[in-house]
1. I want the local charge near residue 52. Using Cβ-Cβ distances under 13 Å, sum +1 for each Lys or Arg and -1 for each Asp or Glu among the other residues.
2. Below 13 angstrom from the Cβ of residue 104, what's the summed charge of the other residues (Lys, Arg +1; Asp, Glu -1)?
3. Please enumerate, by chain and number, the lysines with C-alpha under 22 Å from the C-alpha of residue 15, excluding those fewer than 8 residues away in the same chain.
4. Taking only the alpha-carbon positions of segment 4-176 and ignoring solvent, what does the Debye formula give for the base-10 log of I(q)/I(0) at q = 0.18 Å⁻¹?
5. For the chain, with a Gaussian network of springs between Cα atoms less than 10 Å apart, report the residue from 67, 151, 123 with the top mean-square fluctuation.
6. If Lys and Arg each add +1 and Asp and Glu each add -1, what is the summed charge of the other residues whose beta carbon sits under 14 Å from the beta carbon of residue 82?
7. What is the ratio of the Cα radius of gyration of segment 10-89 to 2.2 N^0.38 Å, with N the residue count, to two decimals?
8. Take every DSSP beta bridge with both residues inside the chain and express the antiparallel ones as a percent of the total, to the nearest 5.
Amino acid sequence: MSPISEISAKVMPLKALIMDVDGVLTDGRVIIDSNGVESKQFDVRDGHGLKMLQRSGLTLALLTGRRSPVVSQRAAELGIEIVFQRCHDKLAAYNQIKQRLKLEDCEIAYVGDDVIDLPVLRRVGFAVTVADADPELEAHVDWQSTRPGGRGAVRELSQLIMQVQGTWNQVMARYLDR
């Protein structure tokens, strides 16, 4: 992982954050009830952190290997319009997102938790993983959260990005100036 000066240099140009879902926005467990209905648990702190990031000007996208109506619903709740599901070639999907947003690799952060995320993690400007990610990822990321996936890791990252980019105080004013 990178020293703090390198992290700051990589975070400053960011314009987009792309995230895996299972293991990043959730704890990675999938619940399927007796009727075959799938459910997932999302951390509200992560969701609020993402809304704060959007207010600070970042574009958000989801890129997941599984397909689930729950992901579409959560994305809609958070106002995330770019959602790629059932992606077995995450790098190809990443390239589509990058092209759609007209961004360079250095302007994109990606959060992953398993080896399927490595091709994207190795390409982006700021590669991130969660505290409970597969250990193989540690050598390939710039920053690792102290919190596990689905338990505040994305909230922690959101705050880091806003603090480094200098938007934290502006976003926080909404809560403090009342």
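Where a number appears in this text, it was derived from the coordinates with a stated rule and is not lab data. Treat the numbers as computed from the prediction; the structure is a model and nothing was measured. Glycine also receives a Cβ, built like all others from the backbone with ideal geometry; neighbour counts cover every protein chain displayed.
1. +3
2. +3
3. 51, 90, 98, 102
4. For segment 4-176, the Cα-only Debye profile gives -1.15.
5. Fluctuation is largest for 67.
6. Counting the neighbours of residue 82, the net charge comes to +4.
7. 1.14
8. Antiparallel: roughly 10 percent of the beta bridges in the chain.
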